[in-house]
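Take a look at the structure below.
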Amino acid sequence: MTVLPFPEARPERIAAIDVGSNSIRLLVADWDPRGGLTVVDEVKDQPRLAQGLAATGSLDPDAVERAVRALERMGEVARRRGAGRIEAVATAAVREAVNGDEFVRRVREDLGIPLRVIDPETEARLSYRSVAHHFRLDDRRTVVLDIGGGSLEVVGAVRGLVELSLSLPLGAVRLTERHLADRPARQALRRLRKRVRRTLRRAAAWRDWTGAAVFGSGGSFTNLGRIAAARRGLPEGPVHGITVTTAEVEHLLDWLGAMPLDERREVPGLNPARADIILAGLAVTAEMLERINAPGVTVSAFGLREGLLLELVGATAAQSGDPVALARDFAARCTCDPAHVEQVRQLALQLFDRLARALGADPDERRLLELAALLHDVGQLVSYRKRHRHSYDLIMHADRLPLSPRDRQLVALVARYHRKRGPSRGDEAYGGLSRADRALVRRLTGLLRIADGLDRGYTNLVDEVTTRLTASRLRITPASGPMGADLSLECWGAQRRAGVLARYLGREVIVAPAAAR
């Protein structure tokens, strides 16, 4: 994590509460801009908010009472420890329950804890941020898994840049209640694994993540690490950083699945309160490792809570950053060609300045086009051939970019359509926009495609463009420096990309050099 440049600042005491589907956890820590986070206190309870949720759709009254009492204790601990700020978030169980809003309101009004429900993407991002704080992820392809009581969060990253984010209904409590309760464990496990396998297969193009390094966050993984450590004869202690091989996961799942519940509660390293749901957690882990052919999983003892604290202390700095500078930095991290990126930016802005009025563009759109131009090629970090698609994913998950949700979506879509086919109502992200925002994406995409085509050879030969608009035609004329370079490749590249702008304007678009005198 980047250290903030405030050497005179004193440590600030802050707290985070994670209201999960199985457990509720409090983390109190000191934030020092020079040294990062230092844990002061931790509290954990397991009220199992997801108990019965799958069958009824509501939070169980007894589970709610257990959760409220746990939160009351945690709030008191945070206050006595002197936490100046408390952040509290709820995940899958509260998010899905029909009475989730009522629970949140009670916690806020009765306990004074500012609980908020976060969406699956935010949940996954916070878990990833915590793992990235403790492990070096910048130099490899990684997958971070967080198995909660209600859901499985999956984040895939390339060199530290998030490119995949999924939330799947594969939580340990949910699966146990639906598939393992009151059934012989071995038979039920086989059926459960088939269901998990089917869900995972449909969820993503996993071949892109074959052999990735896998990190696991949450109670299923810490318990897995403790059981593996105990069987290896290691002394009892922290399991953060321990790696459990895929073969070990399979062996442990077979071994534990053959035991009755009472016997599982006695297994060294396994929290007795998790003995009933550990099979579901390990089944999901085993299927996920097999799906991407990973050699094993490395356990992170830290999770969403620490990610929440890191986001809390970094929010002000991120929001105050210059979006253009941060976009340039992000493009550099994605190993984009800086000269090409800058050339496309300049040409796109020249076209915007000349055509904005004719296109009906608002002046504020200029910044969105500039950001899309700087970021259009970031997806080549993942795949050159499909870089436009991956650019969209990377921009949508780049928390380094201080953009509002709407602006992020618009910039990502303009970058997404800079090559291959243009905007299509059949694409869910584009089709879900308002009519005005779809028009914005079309006109900015039209400009970006031509700007990118005008540097088809990545040689920066075009110095400027002029335009001439008539009732039936738009003529774009690129010009080079005094040497009069041959711009035939650049004009060919731009002409091939002119269709989106032509359809938007309702005019023929011609890209050609100035006629020789």
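The values are calculated or read from the model by the stated rules, or taken from the named source; none is laboratory data. The shown structure was predicted, so the numbers you read here are calculated from the model rather than taken from an experiment. When we count neighbours, we look across all protein chains shown, and the Cβ atoms used for this are built from the backbone with ideal geometry, even at glycine. These area figures cover heavy atoms from the full protein model, side chains too; ligands, DNA and RNA do not enter into them. Shrake-Rupley method; radii C 1.70, N 1.55, O 1.52, S 1.80 Å.
Shape class for segment 123-261: oblate, because the ratio a/c of the largest to smallest gyration tensor axis (alpha-carbon atoms, square roots of eigenvalues) is 1.5 or more and b/c is at least a/b. Average accessible surface for the chain: 44 Å² per residue, computed with a 1.4 Å probe over protein heavy atoms with every protein chain in place. Counting only lysines at least 8 places from LYS420 when in the same chain, those with an alpha carbon closer than 28 Å to its own are LYS386. At the residue level, VAL299 shows approximately 0 square angstrom of accessible surface with a 1.4 angstrom probe and all protein chains present.
Seen against the Cα atoms of the chain and their longest principal axis, helix 61-80 is set at about 80 degrees. For ALA429 and GLU121, the difference between the fully extended length at 0.36 nm per residue and the C-alpha to C-alpha distance is 109.4 nm.
Each Cα pair under 8 Å and six or more residues apart adds its separation to the average, and for segment 16-147 the resulting relative contact order is 21 percent. Overall, segment 35-160 carries a charge dipole of about 480 debye about its Cα centre when +1 sits on the Cβ of Lys and Arg and -1 on the Cβ of Asp and Glu, all other atoms neutral. Ranking GLU266, GLU153, GLU65 from most to least accessible surface, computed with a 1.4 Å probe over the protein chains only, gives GLU266, GLU65, GLU153. Would you please classify the overall shape of segment 210-270 from the alpha carbon gyration tensor, given that a ≥ b ≥ c denote the square roots of the eigenvalues, rounded means a/c under 1.5, and beyond that prolate means a/b larger than b/c while oblate covers the rest? It is oblate, given that a/c is not under 1.5 and a/b is not larger than b/c. Counting only the Cα atoms, segment 415-517 fills a convex hull of 101 Å³ per residue. Its DSSP H runs of at least 4 residues, each contributing -39,500 (n - 2.57), put the calculated 222 nm mean residue ellipticity of the chain at -14500 deg cm²/dmol, to the nearest 500.
Of all aspartates and glutamates in the structure, the ones whose alpha carbon falls short of 13 Å from that of LYS44, not counting any fewer than 8 places away in one chain, are ASP18, GLU72. Taking all protein chains together and rolling a 1.4 Å probe, LYS386 ends up with roughly 70 Å² accessible.
Seen against the Cα atoms of the chain and their longest principal axis, helix 219-231 is set at about 60 degrees. The relative contact order of the chain comes to 10 percent, based on Cα pairs under 8 Å that sit 6 or more residues apart.
Hey, what angle do you get for helix 323-333 against the long axis of the chain, alpha-carbon based, 0 to 90 degrees rounded to 10? It works out to around 80 degrees. Every pair of different Cα atoms in segment 259-377 enters the Kirkwood calculation, which places the hydrodynamic radius at 19.7 Å. Across segment 391-497, C-alpha contacts under 8 Å between residues 6 or more apart give a mean separation that, scaled by the residue count, equals a relative contact order of 22 percent. Once the Cα-Cα distance is subtracted from the 0.36 nm per residue extended length, the GLU250 to ARG186 segment shows a gain of 21.7 nm. Taking the protein heavy atoms of the chain in the context of the full set of protein chains, the accessible area attributed to carbon and sulfur is 47 percent at 1.4 Å. Less than 5 angstrom separates the built amide H of ARG140 from those of ARG159, GLY160, all sequence-distant by 5 or more or on a different chain. For the chain, the calculated P(r) over all alpha carbon pairs, in 20 Å bins from 0 to the bin holding the longest distance, is 21, 46, 26, 7, 0 percent. Extents of segment 56-162, largest first, come to 47, 39, 16 Å (Cα atoms, principal axes, whole angstrom). Between ASN271 and ARG73, the modelled label-to-label distance comes to 1.3 nm, taking each label 7 Å out from Cα in the direction of the beta carbon. Between ALA332 and ASP362, the simple spin-label model (points 7 angstrom out along Cα→Cβ) gives 3.2 nm.
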